[in-house]
1. Please say if the chain is rounded, prolate or oblate, where rounded means a/c under 1.5 for a ≥ b ≥ c the square roots of the C-alpha gyration tensor eigenvalues, and otherwise the choice is prolate for a/b larger than b/c and oblate otherwise?
2. In the range 93-177, which trypsin sites (Lys or Arg not before Pro) fall in coil by DSSP and have 13 or fewer other Cβ atoms within 10 Å?
3. On a straight-distance basis, which lysines could pair with Lys371 in a cross-link, Cα separation under 17 angstrom, same-chain partners fewer than 8 positions away excluded?
4. Over the chain, what is the relative contact order in whole percent, taking alpha-carbon pairs under 8 Å and six or more residues apart?
5. How large is the dipole of the range 403-443 about the Cα centre if only Lys and Arg carry +1 and Asp and Glu carry -1, each at its Cβ, rounded to the nearest 20 debye?
6. Can you give the local net charge around Lys94? Use residues other than it whose beta-carbon is closer than 12 angstrom to its beta-carbon, Lys and Arg +1, Asp and Glu -1.
7. Cross-link partners among aspartates and glutamates for Lys280, C-alpha distance below 15 Å, same-chain residues fewer than 8 apart left out?
8. Could you please report the charge total around Asp398, scoring K, R as +1 and D, E as -1 over all other residues with beta-carbon less than 12 angstrom from its beta-carbon?
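The values are calculated or read from the model by the stated rules, or taken from the named source; none is laboratory data. These figures come from a predicted structure and were not determined experimentally. Because the Cβ atoms are built from the backbone with ideal geometry, glycine has one as well, and the counts that use them run over all protein chains shown. With ligands, DNA and RNA removed, areas are computed over all heavy atoms of the protein, side chains included. Shrake-Rupley method; radii C 1.70, N 1.55, O 1.52, S 1.80 Å.
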Amino acid sequence: MNIVVINGSPKGSNSITVHSMNYLEKLNCDDKFTYIDVGQRIKGYIKDISPIVDSIENADLIVFSYPVYTFIAPSQLHYFIDLLKKSNLRLSGKFCTQITTSKHFYDSTAHRYIEDNAKDLEMKYIKGLSADMEDLLSEKGQKELRDWFKMVKWSFENNYYEKFDRLVSSYQMKSATIASPYTGVRKGDVVVIADYESINDNLALMVKRFQAVSDRNVRIIRLKDISILGGCLGCFNCAVSGKCIYKDGYDEYLRKEIQSAECIVYAFSIKDHSMGPKFKMFDDRQFCNGHRTVTMGSPVGYIINGPYSEEINLRTILEARADVGGNIFAGAATDEVDPDAEIDKLAKTISYILDNKVSKPQSFYGVGGMKIFRDLIYTMRGMMKADHKFFRDNGQYDFPQKRKGTIIKMYLVGALLSNPKIMKKAGGAMTEGMVAPYKKVIKELNT
Ligand SMILES: Cc1cc2nc3c(=O)[nH]c(=O)nc-3n(C[C@H](O)[C@H](O)[C@H](O)COP(=O)(O)O)c2cc1C
């Protein structure tokens, strides 16, 4: 087989992920493996894609190999997907699959991103492999890798691939209008990070309207005005000090101008089922902030141009990001139905949350995500010093073994439950016992 590996890791041949492909290459001598380093060479390919056109068009199988970066693929791969679509290469009917390494934090949304784009390109998609970054080091991980690749080849030989229901988009952009500005005295500080091309775009109008109707001071920062020299390189230079290897001042700017606001609103146009490569670059570079949930407690909102309600994966990503960060998802105003009303509602919702200091518990998105972070940071605390300090200082090391009281109580309950005589006598007292502390809360409630 003629296999082309699209290496989306900015670490190039030092990518952990691509080593899984190197492993498979060594075991599959009859197949030809060609590697295309889009993670490192994306700028060159954007200028001139011709050196790789033949390889891609003649491939039997394309493998997207990349690290999961901030819920999706690295910005460099976002640029490449955009390039593939623009270049009109002959990809329709071609087989593709994907392999990632990560800590399984939102690897599922990353995989869905590639799946959705493979569908757009009319490629025959075979389910990918999501490996932990250490899997290749264990016999179990190696077997899983070999099993996956054998099955990919078997699927190819049998012409088996994932069938996609083609979604017919019902999206028709509705124009936003500028509103008369709020007349009261504005308070607070809300920042909008906006990625629009021209001030006449609908997204720009939506942002302007948000600024006009809000009762807060709204600062609009255009993404193009933020100095970002390039995408995250995954070099971990920031792990100890939080200082990025790039000398573009992004890390300082992020902390002083953006994270200092009482609420952050992101405004973007949906592109390739994501927020667009530039926005992804902005997001990936926030790795200089490690896993520190520095804006927790504050609301976060979105202003979106495009068919957001049809983008289930993107919706999951945005809501999960807020949840993991301990932010309150104030909503996403889109231009699908009634942008004016939605923007007004978003502005009011943000103010309501801020004025009333609304707090809310995390859902599975946040609770599950934070458990992965907690275990990761604890294990890597020797290196991720800034993260470790933050997790320790903010009580985020909530390991179950620390809950000694509950553990002892459960031993007692277990002993009672395993005694048939006591159980018989207790009758329905079990549920009564469980609900007793809740009853106490209601009883002692002062009205
Ligand atoms: C900017 C950045 C973002 C990351 N985001 C995630 C993530 O969302 N989920 C996850 O499980 N791991 C995440 N990681 C960890 C990488 O996925 C992991 O280290 C991967 O194995 C690196 O692969 P590579 O060597 O092929 O680049 C992130 C790492 C970096 C540098």
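1. Taking the square roots of the gyration eigenvalues as a ≥ b ≥ c, the chain is oblate.
2. For trypsin sites (Lys or Arg not before Pro) across the range 93-177 that sit outside H, G, I, E and B with at most 13 neighbouring Cβ atoms in 10 Å, the list reads Lys163, Arg166.
3. Here the lysines satisfying the reach criterion relative to Lys371 are Lys103, Lys389, Lys402.
4. Worked out over the chain, it gives 13 percent.
5. Numbers: 9 positive and 1 negative charges, 25 e Å.
Result for the range 403-443 is approximately 120 debye, rounded to the nearest 20.
6. Spelling it out: positives minus negatives among the neighbours equals -1.
7. Within the straight-line cut-off, Lys280 pairs with Asp82, Asp195, Asp272.
8. Working: positive: Lys371, Arg374, Arg392, Lys402, Arg403; negative: Asp375.
Once all neighbours under 12 Å are counted, the net charge is +4.
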